[in-house]
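**Q** Shown below is the structure under consideration.
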Amino acid sequence: MPLRLLPSTLVDRIAAGEVVERPAAALKEIVENALDAGAGRLEIVIDGGGRRLMRVTDDGCGMGAADLALCVERHATSKLDAEDLMAISTLGFRGEALPSIGAVARLSIVSRPAGEANAHEIRVEAGAKSEVRPAALGPGTRVEVRDLFFATPARLKFLKSERAETAAAVDAVRRLALARPEVGFTLVTDDRAPVSWPARTADAAGRRARIADVLGHEVARNALDIDGTREGARLTGLAGLPTYSKANSLSQYLFVNGRPVRDKVLIGAIRAAYADLLPSDRHPVTVLFLDLDPEGVDVNVHPAKTEVRFRDAGNIRALMVRTLTDALTAGVPRTATTAADRLAELAQAHMGASVLPAAPLRIPPAAAGWRQSSPPTDWRQSWARPEGWEAPAPDFAGPPAEPDAGAGPALDLGLDLAPAADARAHEAPAQADAMDRPLGAARAQLHETYIVAQTQHGVVIIDQHAAHERIVYEKLKAAMERDGLARQMLLVPLVVDLDPAEAARLAERAEALERFGLVIESFGPGALLVREVPALIGEADVPALVRELAEHAAEWDDDLPLERRLLHVAATMACHGSVRAGRRLRPEEMNALLREMERTPNAGQCNHGRPTFVTLSLPDIEKLFARR
């Protein structure tokens, strides 16, 4: 077959396959053009997932008749002052978007520059361009795309449902709105009410306000401010608390010089910063803005401009990991506020509903005349009981005894006065200085698992095992970085039986485990001999620890850095060496744990990413009881 030049219309359709992958991609290009034109206000209309209609109206600089005719020609752009592709400061620069869209859809552009009396319009249908003609429009530009891909029907088969395409288009607009808080956005779709995001300031406060507008106030409340610099690059924005995570990475919004991107270097840096705080199947919520010299980043590596390449990727990665790590470990421990909100919602949902226990307490008629006696010294003896009533056992091990049959018929009040918790508030009096601390003063232990602490402004509930697990883990890491871990030799070495394959796999990693103070050696097929254990894990269940390490040793492949493998070992050891649920703590032990949490980095979540405590402020508690 001889060589030949392709027709211009076919060239445009081929280009459209790269630039206009779906309606959201076309909408993104049009909105970026409006932002580059200096728009301060945008109105975006989407119908049928963008296939039937996409309309973007802006109040930017506009175009005259000559520029309007040129804008639909291939590789015509006003965004490159020179031929240097390493100094690009605009969102668009290729000059492919409008002609590519016009090659596969019905495109209409009406524009009027500020100061001119008349607007002009040009139409492009399946690559055929009309003459420029007068039109009516205020200052700015209106771009309308109808019947996307009507000229290439085969492409329609690869589109998803209208709902899915609408969601993708809305997400594209959402990302651009986050990048430009100083621009007001109005978004209208056929399946939801119109949404308006007012213009905000371009500083940190304006960005936080725009994030709250676009992503919700819950995101802004559960995120930390980020600000760091390194060798001319600056990272700002918000990073979500580890306890406020998602099941996928779709809530990670990344911007490089104001451009929304999905870059592997940046995503990998976020994963590394949170690796010590989240399980592998959870992803943090981030809105991060990276600003650097345009010559330090190549934005011309992908037709859709969603990928970039950094000149010094190592510096960018180090900046992100260090800045995020410092923000996550600084200050007092914090956890997500959503737990209190859900409790309040639960209380509202059940307001007025019957919550009587299944096995009500039966009280004799004489009890109707009960009176509270003088102020009691012990709440378990705070009632003057009538004759013929048998009091519950002091330890509340079981339900109250039934009254004597001769005492008369029982009155069913539907009450259960026997507590289900070890609430020993009188044993842990609150001290004023402790209540001023972030985690307050311990007042009680519930179900021998949860510590209840009182602060000046509310209540904190702490999971004692999760909290101590993080404390032990951070001590293990610090000791390893400083001078290695102290080890204690077992008086009698332990023999742990395992699956032969697991035993062999763990024995191969004996040298790495020794760095953490766990000294093991092979003891025949399917067995390991444990001679020394880390001193920090105390009276841990060593056989259970070895078995769990053996189960996870297969995940420590050669592609995983040694540091990450060792930290996984440390996390497992910390879990087995921490205070277990079900252990009764003395008041001084509970308060010591709270003070240690306040000094420990990342104490807001355990090694598995679960929250270690939940805070209920007085307003939260008042909501639970409908007092506000």
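The values are calculated or read from the model by the stated rules, or taken from the named source; none is laboratory data. Given the structure is predicted, the values throughout are model-derived calculations rather than measurements. Please note: Cβ atoms are built from the backbone with ideal geometry, for glycine as well, and neighbour counts cover all protein chains shown.
**Q** List the number of the failed condition for Thr77; all other conditions in (1) modelled with pLDDT under 90; (2) polar (S, T, N, Q); (3) touching a strand residue (DSSP E or B) at 6+ places or on another chain (Cβ under 6 Å) hold.
**A** Just one mismatch for Thr77, condition (3).
Yes or no, residue by residue, for (1) more than 23 Å from Ala442 (Cα to Cα); (2) among the hydrophobic types (A, V, I, L, M, F, W, C); (3) modelled with pLDDT of 85 or more:
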| position | (1), (2), (3) |
| --- | --- |
| His552 | yes, no, no |
| Met573 | yes, yes, no |
| Pro587 | no, no, yes |
| Met597 | no, yes, yes |
| Ser617 | no, no, yes |
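**Q** Separate question: Could you tell me which of the residues Ala135, Ala151, Ala169 is within 26 Å of Ser196 (Cα to Cα) and of a type in the set (Gly, Ala, Ser)?
**A** Ala169
**Q** Between Glu29, Glu73, which is part of a loop (DSSP other than H, G, I, E, B) and charged (D, E, K, R)?
**A** Answer to the check: Glu73.
**Q** Let me ask something additional. Consider Ser89 carefully, then state whether it is at pLDDT below 90, in a helix (DSSP H, G or I), within 30 Å of Arg311 (Cβ to Cβ) and among the polar types (S, T, N, Q).
**A** no
**Q** State all residues of the range 313-348 that are among the charged types (D, E, K, R), at pLDDT 90 or above and surrounded by fewer than 16 Cβ atoms within 10 Å (Cβ to Cβ); if no residue qualifies, say none.
**A** Selection gives Arg322, Asp326.
**Q** Still on this structure, please answer the following. Report every pair of residues separated by at least 6 positions or lying on different chains whose Cβ atoms are under 7 Å apart, first residue within the range 290-302 and part of a loop (DSSP other than H, G, I, E, B), second at pLDDT below 85.
**A** Correct list of pairs: Val299/Ile88; Val299/Lys305; Asn300/Leu85; Val301/Glu307.
**Q** Within the range 230-267, can you find the residues that are closer than 23 Å to Glu29 by Cα, of a type outside the set (A, V, I, L, M, F, W, C) and outside any loop (DSSP other than H, G, I, E, B)?
**A** Answer for the range 230-267, where residues must be closer than 23 Å to Glu29 by Cα, of a type outside the set (A, V, I, L, M, F, W, C) and outside any loop (DSSP other than H, G, I, E, B): Gln252, Tyr253, Arg259, Pro260, Lys264.
**Q** Against the definition (modelled with pLDDT of 95 or more, in the same structural domain as Gly49 (by TED's automatic domain parsing) and in contact with an Asp or Glu (Cβ under 7 Å, 6 or more places away or on another chain)), how does Thr236 come out, yes or no?
**A** no
**Q** Identify the residue in the range 244-300 that is touching a His at 6+ places or on another chain (Cβ under 9 Å) and among the hydrophobic types (A, V, I, L, M, F, W, C) and, among all such residues, is farthest from Asn602 (Cα to Cα).
**A** Leu250
**Q** Before we move on, is Leu593 in contact with a strand residue (DSSP E or B) (Cβ under 6 Å, 6 or more places away or on another chain) and either among the charged types (D, E, K, R) or modelled with pLDDT of 85 or more (or both)?
**A** No; evaluated as a whole, the condition is false for this residue.
**Q** Taking the range 162-194 as the search range and keeping residues that are within 16 Å of Met54 (Cα to Cα) and of a type in the set (Gly, Ala, Ser), which one is surrounded by the most Cβ atoms within 10 Å (Cβ to Cβ)?
**A** My answer is Ala169.
**Q** Taking the condition among the charged types (D, E, K, R), farther than 30 Å from Ala128 by Cβ, surrounded by 15 or more Cβ atoms within 10 Å (Cβ to Cβ) and not assigned by TED's automatic domain parsing to the domain that holds Ala223, does Arg142 pass?
**A** So Arg142 fails the test.
**Q** Say whether the condition of being buried (at least 19 other Cβ atoms within 10 Å of the Cβ) and within 21 Å of Val299 (Cβ to Cβ) is met by at least one residue in the range 216-224.
**A** no
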